[in-house]
Structures are given as C-alpha cells and as structure tokens.
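Student: Structure provided below as structure tokens; questions to follow.
No lab work stands behind these numbers, since they all come straight from the coordinates. None of the values given here were measured: they were computed from a predicted structure. With ideal geometry, Cβ positions are generated from the backbone for all residues, glycine too; neighbour counts draw on all protein chains shown.
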Amino acid sequence: MRTAQLALLMLALLLFAACAKEVGPPPAAEAPAPNGPLATVLLLADPDGHVGTVVVTGRKGDLTVLDKEAYAVQVDQDKRLTKQFQMSKADIDRQLGQTLKAFPEAPATFILYFKGKTTSLTSESTKLLAAIGKTFWERK
C-alpha cells in the first residue's frame, strides 16, 4: 500500500512539476539540460522511513532506477534522462517544502477488541480510548 501511495505521490509531483513555474536553478550537483529540465523525478521515503523503487523511462527507452532516498533524475525538453543525483535536504525543502506540508498526516489506526459476543471492550481496548480521543483532538 505504501508503494502505491509513493507511486501516486511521484506521479502527482511529476504532473505538478510540468505546469509549475521555475523556482530556481537545479541542484549544483547536476548541470541543466540545454533548454533546462522539464521535470525532476525525486524518490522520498515513506513516513515510516521505508524507501521504495521508481523506474523512470525516457523517450528512447533509457532507464534510471531510483532506489535511494532523495535521489532524483531530471527529464529534459527532449524527454531524455540525465544521470541520477542526490538532492540535498535544503533543495528538497526549497522546491517541494510547501507541497509536502500540504499532504495530510498518515491515518492513525487503532484496533479495538470486544469480550466474546458482547459490546463490552476488553481491558486492553478500553485503555486505548484515551489515546484515540487525544489523537482525534490533536488532528482536528
């Protein structure tokens, strides 16, 4: 599920990048393409720290596999891929900080158990009620 969420995030970022105005030069580690980059595909970790894998394919079938956190590849105007590079935290914050802050928090999950075939909670589940209430009011 997290991989699917990450893939959707990357697709959304790619679409936003295609219609966004330029906010500055690309990171110093990567020279821009002759006409400037069309998009940057960046791999970020899930909130739990898991890093998935993204395969980016250029127009002529060239492939770049991103499998490390904060690694990226740029796509130029001719839909060719540049070599992959690591984007600094400062560059990520500068270019994507507002977008990343706009994402909602990951859902909180609580599992409640009941005694037998009754509507009475087990003692362990009753102890969770305070945490559920606290989480609700903190996120409201």
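Student: Any lysines with Cα under 21 Å of the LYS140 Cα? List them, leaving off those in the same chain fewer than 8 positions away.
Tutor: Within the straight-line limit of under 21 Å, LYS140 reaches these lysines: LYS101.
Student: Using θ = phi - 60° and the Karplus curve 6.51 cos²θ - 1.76 cosθ + 1.60, what whole-Hz ³J(HN,Hα) does each residue of segment 91-97 get, with Gly and Pro shown as x?
Tutor: 5, 4, 4, 5, 8, 10, x
Student: Another question, if that's okay. What is the spin-label model distance, in nm, from LEU63 to TRP137 if the labels are put 7 Å beyond Cα along the C-beta direction?
Tutor: Label-label distance for LEU63 and TRP137, simple model: 5.3 nm.
Student: What chymotrypsin sites (Phe, Trp or Tyr not before Pro) does segment 88-123 have in DSSP loop regions with at most 16 other beta carbons within 10 Å? List each step's numbers first, then the result.
Tutor: Details: sites: PHE110, TYR113, PHE114; in loops: PHE110, TYR113.
Filter output for segment 88-123: PHE110, TYR113.
Student: Enumerate the amide H contacts of LEU38 below 5 Å, restricted to partners 5 or more residues apart or on another chain; note that Pro and chain-start residues carry no placed amide H.
Tutor: VAL75, ASP76, GLN77
Student: Between ILE92 and ALA45, what is the label-to-label distance in nm when each label sits 7 Å out along the Cα-to-Cβ direction?
Tutor: Between ILE92 and ALA45, the label points sit 0.8 nm apart.
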